[in-house]
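The values are calculated or read from the model by the stated rules, or taken from the named source; none is laboratory data. Note that the structure is predicted; figures quoted are calculated from it, not measured. All Cβ positions, even for glycine, are placed from backbone atoms using ideal geometry, and neighbour counts span all protein chains on display.
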Amino acid sequence: MKAAILLCALIAVVSLGCDSVELTIGVEAGPEATLLVSNENGRALTDVTLLVEAVESDNSTTVCVEHRVDAWQPDQTMSVPACGDKIRLTLTSAGETARFAYANGQLFRRFGRKEVPISS
């Protein structure tokens, strides 16, 4: 029993440790119920996937869109649907992953279930 609990805890720590703290984005409201997501890394990102999900009232998610691009230049924006009151954005680039949430005009960095506000 103790071994199973220790194994579960180890898996949780390892999976949380895989998120990149170096990948960053910017988000602002766009025209006609869209959000403009920008590459704020100061460098081009390669092999990029941006997953956009709406957060439902029961905290489940529904996929809105998934954008894939070979290269994403610094300050270049992607237009995505503002498909809910709260939106989760998962950025993957060259094997690194960073998770974000956006609600009420505020961008948050997600670490597991914790959401930390990112100042503008």
**Asked** Just to be sure, is A71 at pLDDT 95 or above, under 15 Å from the mean Cα position of the chain (by Cα) and surrounded by 11 or more Cβ atoms within 10 Å (Cβ to Cβ)?
**Response** no
**Fill in**
Within segment 85-106, residues being touching a strand residue (DSSP E or B) at 6+ places or on another chain (Cβ under 6 Å) and modelled with pLDDT under 95 number 1
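To keep it simple, each residue is scored yes or no on (1) under 22 Å from S93 (Cα atoms); (2) modelled with pLDDT under 95; (3) under 17 Å from the mean Cα position of the chain (by Cα).
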position	(1), (2), (3)
L7	no, yes, no
C18	yes, yes, yes
L35	yes, no, yes
V65	yes, no, yes
**Message:** I need every pair where a residue in segment 73-88 that is under 14 Å from V63 (Cα atoms) has its Cβ under 9 Å from the Cβ of a residue that is surrounded by 17 or more Cβ atoms within 10 Å (Cβ to Cβ) and among the acidic types (D, E), sequence separation at least 6 or different chains.
**Reply:** C83/E53; G84/E53; I87/E53; R88/E53
**Index of the failed condition, G26 passing every other in (1) without any contact (Cβ under 8 Å) to a residue 24 or more places away in the chain; (2) under 14 Å from the mean Cα position of the chain (by Cα)** = (1)
**Residues located in segment 89-106, provided they are out of contact with any Asp or Glu (no Cβ under 9 Å at 6 or more places or on another chain), of a type outside the set (F, W, Y) and touching a residue at least 60 places away in the same chain (Cβ under 8 Å)** = L91
**Complete:** Among the residues of segment 89-107, the number that are farther than 21 Å from S57 by Cβ, among the hydroxyl-bearing types (S, T, Y) and surrounded by 20 or more Cβ atoms within 10 Å (Cβ to Cβ) is 1
**Prompt:** Quick one: how many residues across segment 38-92 are basic (K, R) and closer than 14 Å to L23 by Cβ?
**Reply:** 1
